[in-house]
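Report on the following structure.
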Amino acid sequence: MLRLARTFFGEIIGMMLSTKQKIALARLAQKAVLAFRACRGQGNISQVKRKDIVWELDLNEGIDFSIWLFGRFQGQSLKACQRHVSEKVVSLDIGANIGAFTLPLAQQSQKVIAFEPTNFGLEKLKTNINLNPSLAKKIDIHQIMLRASDDLPKEDFLGASWPLDAVGVDPVTRDKKMATDGAQAMTLDRFLLEQHIEKVDFIKLDVDGFESEVLEGARQCLARLKPVILIELTLQSDGQDPQLERILTILEHYNYYLIDERDDRELPMDLELLSQKIPYLGGINALACPKS
């Protein structure tokens, strides 16, 4: 059963589909797995070890199910991280959620600073970090929503759950909004200044529609520290997306270029040409690299 599910879900991951389509297909694989587990008296919560990391996973959740099945979430993106991260690197995981990137990054990095504003994601992140004490000492967690300016308040609810049963999800983004009680809001530049952080080498940025905001509040970081950035590029409207345009404008201003995470081929910085490579209401991950 596990081998069959891996084959089926692996085909899904490689397809150029919208998020909605991928979740619908993944749900078929998940239902078969849960039915098989139910026959063996097993529920949807599973504690497993995958690729030397111990996880507590809810198989009703899309991210958790991917880790349970393959040992990773967005495996192609993790491979891209491996090409740019080493034991001397300070990494930021912005939009850490359950730690799908935080913990693998900690395996390779000198230090990882993880940002997760939702209570749902934060508690799962803490649980998974505590299950891995050798990695925990390299990880700092902050319940912060990074914004474009310091005078902007946090959002009260943010997408943090992708339940495969689709109960209570946003019909467009396919996520479930979770509370951010206790979270702070600030720019990345302010955070780095207050924490006296002078070294940032790598950033994984996946905040579901707020990527341009984070970059707006990280101008000093981009200008001075020049980190490589793994960024999700999404297309929320057919051919026209102000956020994507803002991302390109900021990256160009600070002399960055984009490469495909799969093969390091350069991607166009032209909005129209880049939009053609992104599925409508879906996204791709790319690496933003400083030309210098």
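Annotations for the structure displayed:
- The GluC sites (Glu not before Pro) of segment 53-129 that DSSP puts in a loop, and whose beta carbon has at most 13 other beta carbons within 10 Å, are E87.
- For the chain, the equivalent ellipsoid built from the Cα gyration tensor has semi-axes of 29, 22, 19 Å, listed from largest to smallest.
- Pairwise FRET efficiency - A38 versus D264, Cβ, R0 = 25 Å, nearest 0.05: 0.05
- Residue among V54, L205, F65 farthest towards the positive dipole end of the chain, charges placed on Cβ: V54
- Hz values of 3J(HN,Hα) by residue in segment 134-144 - Karplus curve (6.51, -1.76, 1.60), Gly and Pro given as x: 5, 8, 4, 5, 9, 10, 10, 10, 9, 8, 9
- Trypsin sites (Lys or Arg not before Pro) restricted to segment 158-203 and DSSP loop, no more than 12 other C-beta within 10 Å: K199
- Taking a Cβ cut-off of under 13 Å around K176, the surrounding Lys, Arg, Asp and Glu residues balance to a net charge of -4, with basic ones at +1 and acidic ones at -1.
- Highest GNM mean-square fluctuation among P163, P227, P133, for the chain modelled with Cα contacts below 10 Å: P133.
- Dipole magnitude (debye, nearest 20) for the chain, charges at Cβ of Lys, Arg, Asp, Glu: 1360
- Coil-residue GluC sites (Glu not before Pro) of segment 196-292, DSSP, other Cβ within 10 Å capped at 13: E198
- Cα centroid separation - segment 175-226 against segment 252-292, whole Å: 20
- Of Q236, Q195, Q276, the one that fluctuates the most in a GNM where the chain has Cα springs shorter than 10 Å: Q195
- Extreme residue, positive dipole direction of the chain, given options V167, G217, G282 (C-beta unit charges): V167
- For the chain, modelled as a GNM whose springs connect Cα atoms under 10 angstrom apart, the maximal fluctuation among R147, R265, R246 occurs at R265.
- Over 19 Å between alpha carbons, listed pairs K138/K176; K49/K126; K79/K137; K49/K176: K138/K176; K79/K137; K49/K176
Throughout, read-outs are computed from the coordinates displayed, never taken from laboratory work. As the structure is a prediction and not an experimental result, all values here were calculated from the model. Note that each Cβ is placed from the backbone with ideal geometry, even for glycine, and that neighbours are counted across all protein chains shown.
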